[in-house]
Amino acid sequence: MAHIDYYFATLSPFAYLAGTRMEAVAAKHGATITYRPLDIMALFGRTGGTPPKDRHISRMEYRAIELQRQADGLGMDLNLKPAHWPTNMAPSSYALIAAQNAGGGDMAKATHAMLRAVWVEEKDVADDAVIKACLEEGGFDPSLANSGLLQGAETYGRNLEEAVAAGVFGAPFYITDDGARFWGQDRIAALDAHLETMG
């Protein structure tokens, strides 16, 4: 059975635009998924990237153009200037880590709920009530937001280290168990094709 390590940030607009298409591809091929939320700003610093706010105006303008273009193409709502971006990614990441460890819910729904909260619903995913609502939407016990904080912090840090070691430099980033790497929500079709060859 194929496996996908899914590296993402709960603030990433491109992870939001991925929706649940990667999960649909995984289901098609019977592949399992490990969700690996990480600190994207730290990842940029470790891999030669530049945080969006520090990029040249030409890059910032084109990023906005491309985000809107892709959202329109996918028929997805998107607020290019969300009220709570950036915010602290750690609490939402810890909650998703706890949910994955607990099991019994839908990680795709919970993860996408976090991303939609930022990019559509003008909510702060550092807020406890928002995190609990997203967990609940995924069918998880909302109290997971208050549990496993130490383990969540350890896993969150480890995800960053493992991402750097595996060649990850952005989000969303998908790595299959044979080491194939796919960066961006616009590479899901290529991931699908690769999983087909692994079958």
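The values are calculated or read from the model by the stated rules, or taken from the named source; none is laboratory data. Remember, it's a predicted structure, so these values are computed and weren't measured experimentally. As a convention, Cβ positions derive from the backbone with ideal geometry for all residues, glycine included, and neighbour counts pool all protein chains shown. Only protein heavy atoms, including side chains, enter the accessible area calculation; ligands, DNA and RNA are left aside. Shrake-Rupley method; radii C 1.70, N 1.55, O 1.52, S 1.80 Å.
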Next item on the list: In nm, give the distance between the simple-model label positions of ASP54 and ASP178, each being 7 Å from the Cα along the Cα-to-Cβ direction.
Entry: 3.8 nm
Next item on the list: Note the per residue figure in Å³ for the convex hull of the C-alpha positions in the chain.
Entry: 113 Å³
Next item on the list: Quick one: dipole size for the chain, taken about the Cα centre, charges +1 on Lys/Arg Cβ and -1 on Asp/Glu Cβ, in debye to the nearest 20.
Entry: 460 debye
Checklist line | Residues of region 161-183 with amide N under 18 Å of the 7 Å Cα→Cβ point at THR32 | finding: 175-180
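Compute the length gained on full extension between ALA102 and ARG158: take 0.36 nm times their separation in residues and subtract their Cα-Cα distance, giving the result in nm to one decimal. Walk me through the intermediate numbers first.
Details: separation 56, 0.36 × 56 = 20.16 nm, distance 1.85 nm.
18.3 nm is the gain from fully extending ALA102 to ARG158.
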Next item on the list: Would you tally the net charge around MET22, using a Cβ to Cβ cut-off of less than 10 Å, leaving MET22 out, and scoring K and R as +1, D and E as -1?
Entry: 0
Margin query: Along the charge dipole of the chain, pointing to its positive end and built from +1/-1 on Cβ of Lys, Arg, Asp and Glu, which listed residue (ALA145, THR197, PRO51) has its Cα farthest out?
Written below: PRO51
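On the protein heavy atoms, probe 1.4 angstrom, tell me the percent of accessible surface of region 57-156 carried by carbon and sulfur.
It is 51 percent, rounded to a whole number.
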Notebook entry, point to check: If you put +1 on each Lys and Arg Cβ and -1 on each Asp and Glu Cβ, how big is the dipole of region 116-199 around its Cα centre, in Debye rounded to 20?
Noted result: 180 debye
Check: Which of LYS28/LYS132; LYS53/LYS109; LYS109/LYS132 have a Cα-Cα distance over 20 Å?
Finding: LYS28/LYS132; LYS53/LYS109
Next item on the list: Output the peptides 146-159, 36-49, 92-105 sorted from most to least packed, where packing is the average of other Cβ atoms within 10 Å over each peptide's residues.
Entry: 92-105, 36-49, 146-159
Check: Roughly what would the spin-label model give for GLU121 and LEU149, points 7 Å off Cα along C-beta, in nm?
Finding: 2.3 nm
Margin query: Can you say what percent of the DSSP beta bridges in the chain, counting only those with both residues inside, are antiparallel? Round to 5.
Written below: 55 percent
Item checked: Whole-number percent relative contact order across the chain, with pairs defined as alpha carbons under 8 Å at least 6 apart -> 33 percent
